[in-house]
Structure formats: C-alpha cells, structure tokens
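What follows is one structure encoded as structure tokens, with my remarks underneath.
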Amino acid sequence: SSSARATPAPPWEAMFSFSKFFESAFCSTPPGAAAITDLPEEDQRLPPFFTEILVELLRYKSHLGGVHNFEHMPRIERKVTKEAFKGFTDFEYAYLTVVGLANLHVKSEEIVSKSNGKVYKENPGVQLLEFTSGMTMHGDRPGATALLRSAPTSLLEAFRLAKRSKRGTLGFFKDGFDRTADPCLEGRMGRLLSYLEKESMVASGKVSMPPWEDVSLQPLREGAPPMDIVGEHLRVFVNECTWTWGQAKKMEYEAAKVARGEEEHAAEFANLCNDSTFTDALKARGVVATEGVQWECAADRGSFSPYEASVNAVIERARQQGLSQVEIRQGPKSWKYVIDIRRFVQINPQTQKERPIRMGRAKEKPLGKGQVSLKDLEEAVRFFVSMDTLAPVPHVD
C-alpha cells in the first residue's frame with residue numbers, strides 16, 4: 001500500500017489525542033484506580049503535570065469526602081469565600097486548588113504583566129487571577145509577583161516529594177490542603193509550603209520533574225509578533241510532551257530530551273507532539289483569539305441578546321475545543337445554564353426550559369496580550385513544520 005498523510009480527525013476526536021497518550025501511559029492500574037478520562041473534558045487539557053495530580057486525587061475521592069456541592073465534578077465558577085469553603089469537602093477544596101494553580105501556570109505571565117501593585121478593585125492582574133483560578137490575592141503587598149510565579153512550582157514539587165513520602169499521596173492531600181484557611185492565594189499556599197518544607201528535609205533521590213523554565217512561558221516584549229508568541233508556546237509544549245513521553249518510557253526528563261530526537265523514537269514521539277496536537281493545545285489554552293465570534297441567546301418576542309464578554313469567551317472556547325456542552329454562569333445572581341453547542345440551545349438545568357442560541361460575527365477587537373489569530377497560528381505552525389522544529393501528523397500506510 002502507498003504511504004499517505006493521515007486524514008485529519010474530527011475536532012472532538014483530535015482534542016483527545018494528548019489525553020489518550022497520557023491514559024495509555026499511566027492507567028494500566030487495578031480496578032478502582034482513576035484515569036485521565038474520568039476528569040472533565042476541560043481539565044483533561046491542562047498541562048500534564050497538573051492532570052497527573054488530579055488523576056491521583058481522584059483515587060482518594062471517597063476518602064476525602066467526595067463531591068457534595070457540584071453536580072458532577074468541582075469546577076471554578078467564581079471566587080469562593082472562607083465561609084463557603086467550610087461547607088466544601090476536602091476533595092472539592094483540593095481539586096479546585098489544583099485546577100486553580102494549573103490555570104495560574106498557564107496565565108501567569110499575563111497576570112503578572114497586568115498586576116500594578118494595587119488592591120483588588122484597582123488591579124486588573126488580580127481580577128484576571130480571580131477569574132481564571134477562583135482565587136484572589138493581596139496584590140498590593142510585597143512579594144506578590146514572586147508568589148504568582150512560584151505557587152504552581154511549589155505545588156508540583158510538593159507532589160513530587162509526596163510520591164516518595166512514607167505517608168504517600170493521600171498524606172499529601174490531607175496535610176497540604178486546608179479548607180479552613182483563608183481561600184486567597186496566600187492562604188492556600190501556606191499549608192502547601194509547610195508540607196513542602198517538612199518533606200524536603202527528608203527527601204532524597206533523583207529529581208524527575210523538568211526545570212521550571214523549560215515548561216513555563218518566558219515574558220515576551222510588548223507587541224511581539226505572532227511567530228514569536230507561537231514559538232514560545234511551542235518550546236513549552238515540546239517540553240511538556242517530552243515529560244509525558246518520558247514518564248511512559250520510565251525515563252528521567254533529561255534522558256527523554258535526548259532520546260526523543262533519536263531515529264528509533266522519533267515516530268513514537270511524533271504521535272504525541274505534532275502540528276495537530278500543538279494547535280489543539282493552543283486553542284484549549286485560549287491563545288487563539290475568539291473575539292470575532294459573538295454568541296447570542298433568544299429573548300422574548302423573537303429577539304436575540306448577546307452574551308457578556310466573559311460568557312461569550314467560555315462558549316466559543318468550548319466550541320473550538322470540540323465540546324458538546326459547557327456550563328455558564330450569568331445574571332445578577334450567577335444563575336447556572338448549560339449551553340448545548342451541537343443543538344444550539346441554552347438549558348436551565350432546574351426547569352429544563354430551553355432557549356435557542358446562535359453564533360454570529362462580532363466587531364473586530366484588538367488581540368489580547370499573548371494572543372494570536374487562527375490565521376497567524378496556522379501560518380506559524382506551517383513554518384515550524386517546514387523547519388523540522390515540529391512534526392506533522394504522522395503518516396499511515
């Protein structure tokens with residue numbers, strides 16, 4: 001048979017390629033263990049270091065109180081107050097903290113660039129932190145920027161030590177998280193840092209996590225061209241794939257960096273790290289601007305009303321990720337609705353009442369910091385493939 005480029009998978013199927021590799025690598029475990037596919041679809045697309053923690057956390061779901069305050073799994077909907085957290089289970093608190101820190105990792109440079117050293121109401125960086133991670137912080141205090149950059153690293157290092165600790169990862173989830181503490185970033189990190197300090201004193205062995213600079217976006221100058229933005233994301237993505245692939249091959253990270261380019265491993269690595277999976281990752285992380293699309297919901301008497309900007313972004317991102325449904329919150333009391341993207345309806349989960357929705361063109365707006373258009377992304381990806389920096393989708397016979 002002749003060799004030909006693989007037929008592109010449907011969007012919903014292509015988006016799971018990274019997750020499927022992770023699952024095959026880490027999920028050959030006894031019954032009762034958790035798999036990455038047990039996570040909500042949007043959480044499966046977080047950087048792999050964080051999904052590893054979430055999958056491990058799922059194993060102890062019942063030990064830590066289960067889910068009582070959400071319909072299926074915990075999800076970030078808004079900033080949670082200290083009083084509200086007292087009614088949450090330990091599992092819900094730990095899950096939301098890990099997801100929040102994962103989102104902070106993805107958006108850290110944008111949050112830092114917008115932080116101006118002022119209090120929340122006057123600090124766009126802290127407001128973005130709250131929207132993306134569900135946590136606020138005292139942005140007017142010394143050390144705020146350092147905490148924003150170090151918090152995700154501290155979580156990953158604490159989890160690495162937990163895997164080698166005598167008390168194991170369950171001990172980590174019990175000792176490293178405190179839902180009675182202040183729910184701001186500083187409060188949540190307090191217990192984690194105490195755990196990290198304690199375990200660091202007795203830890204030994206090789207460090208398997210990649211250097212943080214390998215998997216963190218570096219600041220780009222204001223007005224950086226799309227090629228530079230995509231290139232920096234590609235550097236991080238390749239290193240994330242290297243770690244995931246290395247874990248599956250039982251290699252240390254530095255050894256995996258060398259082996260990935262060797263002829264005997266190149267095709268296997270390309271199954272994980274290629275132009276399709278990279279493009280999907282950037283769409284899932286909000287790097288591709290969606291401002292040109294405006295979603296609207298049917299109002300009374302046949303008219304349509306546009307969704308507010310934050311809700312519109314959630315719906316459009318879900319569409320780009322190939323999701324069939326997504327939950328939104330809107331209105332003065334943050335009412336919950338389900339958007340069925342395939343059926344083009346908005347559903348009230350309490351009354352089951354449905355309203356038609358539609359997607360149209362919006363007035364063009366400037367790109368957000370660190371964003372690129374889909375056209376620029378596709379052009380950059382073609383360039384990196386032509387330079388052999390990024391593999392194309394593997395061929396099939």
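The values are calculated or read from the model by the stated rules, or taken from the named source; none is laboratory data. Bear in mind the structure is a predicted one, so any value in this text is a computation, not a measurement. For neighbour counting, all protein chains shown are included, and Cβ atoms are generated from backbone atoms with ideal geometry for every residue, glycine included. Accessible surface areas use protein heavy atoms only, side chains included; no ligands, DNA or RNA. Shrake-Rupley method; radii C 1.70, N 1.55, O 1.52, S 1.80 Å.
Computed from backbone phi, the HN-Hα couplings of segment 299-315 come to 9, 5, 6, x, 7, 10, 10, x, 6, 5, 4, 5, 5, 4, 5, 5, 5 Hz, rounded to whole numbers (Karplus: 6.51 cos²θ - 1.76 cosθ + 1.60, θ = phi - 60°; Gly and Pro given as x). Solvent exposure of the chain, expressed per residue, is 50 Å² of accessible area, with all protein chains present and a 1.4 angstrom probe. For segment 128-255, the square roots of the Cα gyration tensor eigenvalues, ordered a ≥ b ≥ c, give a/c of at least 1.5 with a/b no greater than b/c, which places it in the oblate category. Spatially, segment 309-341 and segment 158-204 are offset by 34 Å when compared through their Cα centroids.
With all protein chains in place and a 1.4 Å probe, the accessible surface of the chain carries 52 percent carbon and sulfur. Of the cross-linked pairs 61/174; 79/114; 121/336; 336/375; 283/369; 107/283, which ones have a Cα-Cα span greater than 22 Å in the structure shown? Checking Cα-Cα distances, 121/336; 336/375 exceed 22 Å. Length available on full extension from residue 197 to residue 325: 0.36 nm per residue minus the Cα-Cα distance, which gives 41.9 nm.
Extension gain for residue 387 to residue 79 (0.36 nm times residue separation, less C-alpha to C-alpha distance): 106.5 nm. Taking square-rooted eigenvalues a ≥ b ≥ c of the alpha carbon gyration tensor, is segment 169-317 rounded, prolate or oblate, where a/c under 1.5 means rounded and, failing that, a/b exceeding b/c means prolate? Because a/c hits 1.5 or more and a/b fails to exceed b/c, segment 169-317 counts as oblate.
Over the chain, the pair-distance histogram of Cα-Cα distances with 10 Å bins from zero comes to 4, 21, 32, 28, 13, 2, 0 percent, rounded to whole numbers.
The orientation-averaged projection of the convex hull spanning the C-alpha atoms of segment 72-119 amounts to 4.4 square nanometres. Each residue of segment 274-282 was assigned a 3J(HN,Hα) from its phi angle through the Karplus curve 6.51 cos²θ - 1.76 cosθ + 1.60 (θ = phi - 60°); the sequence is 8, 4, 6, 5, 5, 4, 4, 5, 5 Hz, with glycine and proline shown as x. Amide H contacts of residue 325: 341, each under 5 Å away and 5 or more positions distant or on a separate chain (H built 1.01 Å from N in the peptide plane; Pro and chain starts excluded). Quick one: go through segment 289-332 and flag any residue whose amide nitrogen is under 13 Å from the point 7 Å out along the Cα-to-Cβ line of residue 353. Taking a point 7 Å out along Cα→Cβ of residue 353, the residues of segment 289-332 whose backbone N falls under 13 Å are 298-301. Taken about its Cα centre, the chain carries a charge dipole of about 1140 debye when Lys and Arg each add +1 at the Cβ and Asp and Glu each add -1 at the Cβ. Give me the base-10 log of I(q)/I(0) for segment 285-397 at each q in 0.11, 0.17, 0.21, 0.23 Å⁻¹, Debye formula, one uniform scatterer per Cα, rounded to two decimals. Taken in order of the listed q values, log10 I(q)/I(0) reads -0.47, -0.88, -1.16, -1.32. Under the simplified labelling scheme, the residue 218-residue 182 pair shows an inter-label distance of 3.5 nm, with each label point 7 Å from Cα along Cα→Cβ. Note on residue 375 and residue 252: the extension gain reaches 40.6 nm, defined as 0.36 nm multiplied by sequence separation minus the Cα-Cα distance.
Shown in residue order for segment 257-267 are the 3J(HN,Hα) couplings computed by the Karplus curve 6.51 cos²θ - 1.76 cosθ + 1.60 at θ = phi - 60°: 4, 6, 5, 4, x, 6, 4, 5, 10, 4, 5 Hz (x for Gly and Pro). Volume per residue for segment 150-191 equals 55 cubic angstrom (convex hull of Cα atoms).
Go ahead and run the numbers for FRET between residue 146 and residue 395, Cβ-Cβ distance against an R0 of 51 Å, rounding to 0.05. Computed FRET efficiency for residue 146 and residue 395 comes out at 0.65.
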